[in-house]
Amino acid sequence: MIKENNQGILVVVSGPSGCGKSSIDQLLIKTRKNITMSISDTTRKIRGEEKDGIDYNFISKEKFLENIENDKYLEYATVHSHYYGTPKKNIDKFLKDGIDVILEIDIEGARKVKEKCPNAVFIFIMPPSMEILKERLVNRKTESKEQLVERFKNAYKEINEVTKYNYVIVNDDLNESLLKMNSILECERCRVDRIEDVYLGNQEEMIHELLVDFDNKN
Ligand code: 5GP
């Protein structure tokens, strides 16, 4: 009766370093069907257990600049003194095939995506408090003192942009945040602007059938 547009949804997820957005996204793609994550290019060094080609494509600054020249990015930004970019490759294909694509990017990148893809869904992940964010950042032991200060300062700047997003999730409990992410995606699937066509059949014929059914039952 209703023909929906079966395209995937472009989901932009931002939030300060240490808010837990990667944990939520990883769990989401493990537990939900038809969703994938875009793998960004970055010029920063590998951190902790990260793997090249899985967490990021770790590339040189020269290669990144060459990619910018060749218009290879949907968006890119300098975050914490390093380049990060979303390769255009594959995104359109996934969306056309009905696969939702998550972009885990900073506020600057999100702003650029909003200009290019206004139908994307923008979700901001908040830490429950700045004290908890500070603890999470210190406890993960992956940054130097200077890097920690830079990330913590950026967190204030990023949180101030929350009202530019469509949804906010305060990440207190991972499972609850996952539930909220799934709910947002289900909601987005039900938006009326996803309807391509509504077909109700021929009204005269339906009324005729209605009267026949009535007579048969009485
Ligand atoms: P991290 O170094 O902690 O992995 O990421 C630092 C920040 O860069 C995070 O806010 C992350 O969301 C953002 N980021 C990761 N990939 C991209 C990207 O492709 N584009 C933009 N604009 N930001 C990104």
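The values are calculated or read from the model by the stated rules, or taken from the named source; none is laboratory data. Just so you know, these numbers come straight off a predicted model, no measurement behind them. Please note: Cβ atoms are built from the backbone with ideal geometry, for glycine as well, and neighbour counts cover all protein chains shown. SASA here: full protein model, heavy atoms, side chains in, ligands and nucleic acids out. Shrake-Rupley method; radii C 1.70, N 1.55, O 1.52, S 1.80 Å.
General remarks:
- Note on the range 87-105: residues that are open to solvent by 50 Å² or more (accessible area, probe 1.4 Å), within 13 Å of the ligand (Cβ to nearest atom) and in contact with a strand residue (DSSP E or B) (Cβ under 9 Å, 6 or more places away or on another chain) amount to 1.
- Residues satisfying the criterion are absent from the range 203-211 (criterion: open to solvent by less than 100 Å² (accessible area, probe 1.4 Å), over 16 Å from ASP106 (Cβ atoms) and outside any helix (DSSP H, G or I)).
- Residues of the range 6-27 that are buried (at least 20 other Cβ atoms within 10 Å of the Cβ) and closer than 23 Å to ASN139 by Cβ: VAL13, SER14, GLY15, PRO16, SER17, GLY18, CYS19, GLY20, LYS21, ILE24, ASP25.
- Residue identified as at pLDDT 95 or above and over 17 Å from the mean Cα position of the chain (by Cα) among GLU66, GLU4: GLU66
- Applying the condition of being farther than 25 Å from LEU137 by Cβ, assigned to a strand (DSSP E or B) and among the aliphatic types (A, V, I, L, M) to the range 32-86 and asking which residue is nearest to the ligand (Cβ to nearest atom) yields LEU74.
- Test: residue in the range 170-182 that is more than 27 Å from ILE91 (Cα to Cα), among the acidic types (Asp, Glu) and not in a helix (DSSP H, G or I): yes
- Subset of the range 106-164 that is open to solvent by 100 Å² or more (accessible area, probe 1.4 Å) and assigned to a loop (DSSP other than H, G, I, E, B) - its residue that is farthest from the ligand (Cβ to nearest atom): ASN119
- Counted residues, the range 29-51 - those being touching a residue at least 40 places away in the same chain (Cβ under 8 Å), surrounded by 13 or more Cβ atoms within 10 Å (Cβ to Cβ) and more than 14 Å from the chain's Cα centre (by Cα): 5
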